[in-house]
1. Looking at 238, 246 in this structure, which one is in a loop (DSSP other than H, G, I, E, B), surrounded by 15 or more Cβ atoms within 10 Å (Cβ to Cβ) and assigned by TED's automatic domain parsing to the domain that holds residue 118?
2. Looking at 130, 87 in this structure, which one is among the small types (Gly, Ala, Ser) and in contact (Cβ under 8 Å) with a residue 40 or more places away in the chain?
3. Exactly one condition in (1) part of a strand (DSSP E or B); (2) modelled with pLDDT of 95 or more; (3) exposed (fewer than 15 other Cβ atoms within 10 Å of the Cβ) is not met by residue 213; state its number.
4. Within region 1-41, take every residue that is assigned to a loop (DSSP other than H, G, I, E, B) and acidic (Asp, Glu) and give me the one that is modelled with the lowest pLDDT.
5. Hey, among 237, 214, 231, 205, which residue is in contact with an Asp or Glu (Cβ under 9 Å, 6 or more places away or on another chain), among the aliphatic types (A, V, I, L, M) and touching a residue at least 24 places away in the same chain (Cβ under 8 Å)?
6. Assuming residue 228 fulfils every condition listed in (1) crowded, with 16+ Cβ neighbours inside 10 Å; (2) under 22 Å from residue 157 (Cα atoms) apart from one, which condition is it?
Amino acid sequence: MSVFGNYARYYNLLYQDKDYVGEAQFIHRLIQSNAPDTAKILELGCGTGHHAILLAKEGYHIHGVDISQEMLNLAHEHRSQLPQKLAARLQFTYGDIRQVRLNEKFDVILSLFHVISYQTTNEDLLAAFATAKTHLKPGGIFIFDVWYGSAVLSFRPTVRVKRLENELIQVTRIAEPVMYPNDNSVDINYHVFIKDKSSGVVDELRETHTMRYLFKSEIEFLLNECQMQLLDYKEWLTNKIAGFDTWGVYFLVRA
């Protein structure tokens, strides 16, 4: 069962301040620097399709896979509103990134917004990496980002409250973390209140998202098990050297 069930209904509002344009351009530059002939991209964990649509505007053909049907419904809705030529570059499929097999090869595989950190066991990680390896053309590249262990342990997650609204609803989200040091994981317990502005009725939901924080050495070992080579790893968006203060780190891998 997907942890993004009810959460998906408010996902776009909750992340309306996320810099999707800047992130897509960052990915575009990485692709052009490391695989300039890229035409086809597979996105594992595509969510509501924001990154995919922006990358399609750069001329790539994108196949997005996600385990949340609710997220995919939003992605299909977004696609239906695009010009036909752009929409033709996009495809969205339901699937578990640990198991999905599309019988197709891609120049680049992406897994963004900490999707890999949702793979909480070594078996999950190996399965997700095997999916990437299976779908990559020889010499293709795999780009993913994670919660970086050095920073998570240096600046431990704390309770956070996020408030936002649109013309219809007001949303208050409380995120309470519980750390499991021997499992290298964190439960993020979300308590979300949604107020309907017209009626004043307040709905609420609770969901727990378990995240694994990862270290360079274990990622490198797991990648080697799948016969993939780590080329680079740096802070997401800034390209600074990863360290004790870099929660979000991307890894650039070649098959």
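The values are calculated or read from the model by the stated rules, or taken from the named source; none is laboratory data. Note that the coordinates shown come from a computational prediction; the quantities given were computed from them, not determined experimentally. Heads up, the Cβs are rebuilt from the backbone with ideal geometry, glycines too, and the neighbour counts pull from every protein chain shown.
1. Step by step, each of 238, 246 is checked, and only 246 is in a loop (DSSP other than H, G, I, E, B), surrounded by 15 or more Cβ atoms within 10 Å (Cβ to Cβ) and assigned by TED's automatic domain parsing to the domain that holds residue 118.
2. 130
3. (3)
4. Result: 17.
5. 237
6. So the condition that residue 228 fails would be (2).
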